[in-house]
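Chemist: One structure, as structure tokens, below. Some questions next.
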Amino acid sequence: MARRTAFIYSDAFLSYKLGQSHPLQQRRLQMVYRLLEAYGAFTPHGPITHLEPIPATEEEVLQIHTPDFVEAVRRAGAGERGDFLNQYGLGAGDTPAFPQMYEAAALYTGGSVQAARLVLSGEYEAVFNVSGGLHHAHPDHASGFCTFNDLAMACQVFLDTGLERVLYVDIDAHHGDGVQACFYDDPRVLTISLHEAYGRFYPGTGYPQEIGIGAGVGYSLNLPFYPYTEDTVWHTAFDAIVPEAFARYKPQAVVLQFGADAHWGDPLAHLMLTSQGWMLAVEKLLRLSEGVPLVVTGGGGYNLRTVARLWTMVTAQCAGLELPNTVPVEYTREYDIPTLHDWEQPKAKPDASIRAETEMYMEKHLQQMHNLMKQYLR
């Protein structure tokens, strides 16, 4: 389905700098924008509109985050140092403080707030905030490379207009724990996360027994996968849960987090989706979201060439634009990306015993989720 689609990007997104050796390198966002440009996606009256981001206001940030945490981010970004950094997840580690941290976080967050408002207005049917998807941020602390939770803010925009059924789906390799935490007691937001979860894999959450609390019981769905899960097993689980959840919940708006780190080439995760398998999930989710306001974001993804390819294809898919698989030659020369889909195979593929383990692990959790949906999602 072709949608009126906007793509939110600015080189100012590169100001979110966690460090030169940090896994999160925001030049990946620029690579997506330039690849879309190389394909001619932003021509006048073309299928995709490029928009500059609007920073989130402090009032918008405070709808999700606590005042003391927001002030801590301001202080950290202004260069202040002290014990408060560790208290708020801003010390040395995965989300270290950097100059102008508040402003950089407000900018990427504002992109998702802006996206939600644009699709609510009807001006666009789908808006992709390529810098968004920072799903680990909690109301009172930063976590997992994420300072503010743009996804929760997008959901909140929908709720503020009176919508009562907002659906959030996350296919990042890491559990969408921050979004889940923001709405864990709220049935107006159904969160679904499909992710790697075994042993000590970050963030160590995302199991079927995490179902919500209070009025939100039954409105958190988590489908964990064993390391080295490949396309077939992953999609077996997806097909068994996600379409039924859509049908039962009947969402009035949808927020999709398209982290690219479930791809086999990602250096931080261990799932084995191919570009074809990952894009099949995108196609299914876009089809299920037909007819409702749709916010799309990026998320994780630490192989820059993988991110550039996958998020370019996401943008095109939103707009119903068919791109040639062969990448424009000028872009290939600069970034060494010859095709959109995988042109090489994983160096090491799981053997039969690992494949059997991934299937058993999936099946064990699948029944729990089926029972949960039947009990609560009516």
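Chemist: If the limit is 29 Å between Cα atoms, which of LYS250/LYS349; LYS284/LYS374; LYS284/LYS349; LYS17/LYS250 go over it? Intermediate results must be reported in sequence, preceding the final value.
Modeler: Numbers: LYS250/LYS349 39 Å; LYS284/LYS374 22 Å; LYS284/LYS349 26 Å; LYS17/LYS250 39 Å.
Long pairs (Cα-Cα over 29 Å): LYS250/LYS349; LYS17/LYS250.
Chemist: Sort 32-42, 168-178 by the packing proxy (mean of other Cβ within 10 Å over each peptide's residues), most packed first.
Modeler: With the highest mean Cβ count within 10 Å placed first, the list reads 168-178, 32-42.
Chemist: Based on the Kirkwood radius over alpha-carbon pairs, what is the Stokes-Einstein translational diffusion coefficient of the range 22-142 at 37 °C with 0.692 mPa s viscosity, in µm²/s?
Modeler: Result for D is 205 µm²/s.
Chemist: Follow-up. Please rank LYS364, LYS17, fewest neighbouring Cβ atoms within 10 Å first, as an exposure proxy.
Modeler: By the 10 Å Cβ count, ascending, the order reads LYS364, LYS17.
Chemist: Provide LYS347, LYS250 in ascending order of the number of other Cβ atoms located within 10 Å of each residue's Cβ, fewest first.
Modeler: Ascending Cβ contact count within 10 Å gives the list LYS347, LYS250.
Chemist: Check which residues have an amide H placed less than 5 Å from ASP261's amide H, if you skip close sequence neighbours.
Modeler: Correct list: ALA173, GLY300, GLY301.
Chemist: In addition: Output ³J(HN,Hα) for the range 324-334: one whole-Hz value per residue in order, computed from phi by the Karplus curve 6.51 cos²θ - 1.76 cosθ + 1.60 with θ = phi - 60°, and x for Gly and Pro.
Modeler: x, 5, 6, 6, x, 4, 5, 5, 4, 4, 7
Chemist: What ranking do 117-125, 44-52, 7-15 get when scored by the average of other Cβ atoms within 10 Å per residue, highest first?
Modeler: Descending mean neighbour count gives 7-15, 117-125, 44-52.
Chemist: Another one. Assign one of three labels to the chain, namely rounded, prolate or oblate, based on the Cα gyration tensor with a ≥ b ≥ c the square roots of its eigenvalues; rounded applies when a/c is under 1.5, prolate when it is not and a/b is larger than b/c, and oblate otherwise.
Modeler: rounded
Chemist: With both partners inside the chain, how many of the DSSP beta bridges are antiparallel, as a percent to the nearest 5?
Modeler: 10
Chemist: Now for a different question. What are the residues whose amide H is under 5 Å from the amide H of TYR202, where those residues sit 5 or more places off or on another chain and H is modelled from the backbone?
Modeler: Residues meeting the amide H criterion: none.
Chemist: Please work out the C-alpha center-to-center distance from the range 1-64 to the range 146-224 and express it in whole Å.
Modeler: 23
Chemist: A follow-up question, please. Can you compute 3J(HN,Hα) from phi for each residue in the range 209-219, using the Karplus curve 6.51 cos²θ - 1.76 cosθ + 1.60 with θ = phi - 60°, rounded to whole Hz and x for Gly and Pro?
Modeler: Calculated HN-Hα couplings, in order: 6, 7, 10, x, 9, x, 5, x, 4, x, 10 Hz.
Chemist: Please list the non-local residues whose amide H lies under 5 Å from the amide H of VAL189, H modeled 1.01 Å from N, same-chain partners needing a gap of 5 or more.
Modeler: Close amide H contacts, sequence-distant or interchain: VAL166.
Chemist: Which order, highest average first, do 185-192, 200-207, 148-155 follow once you tally other Cβ atoms within 10 Å for each residue and take the mean per peptide?
Modeler: Result, highest mean Cβ count within 10 Å first: 148-155, 185-192, 200-207.
Chemist: Between the alpha-carbon centers of the range 302-365 and the range 226-245, tell me the distance in whole angstrom.
Modeler: 17
Where a number appears in this text, it was derived from the coordinates with a stated rule and is not lab data. Being a predicted model, the structure only gives us computed values, none of them experimental. Here the Cβ is made from the backbone with ideal geometry for all residues, glycine too, and neighbour counts use every protein chain on show.
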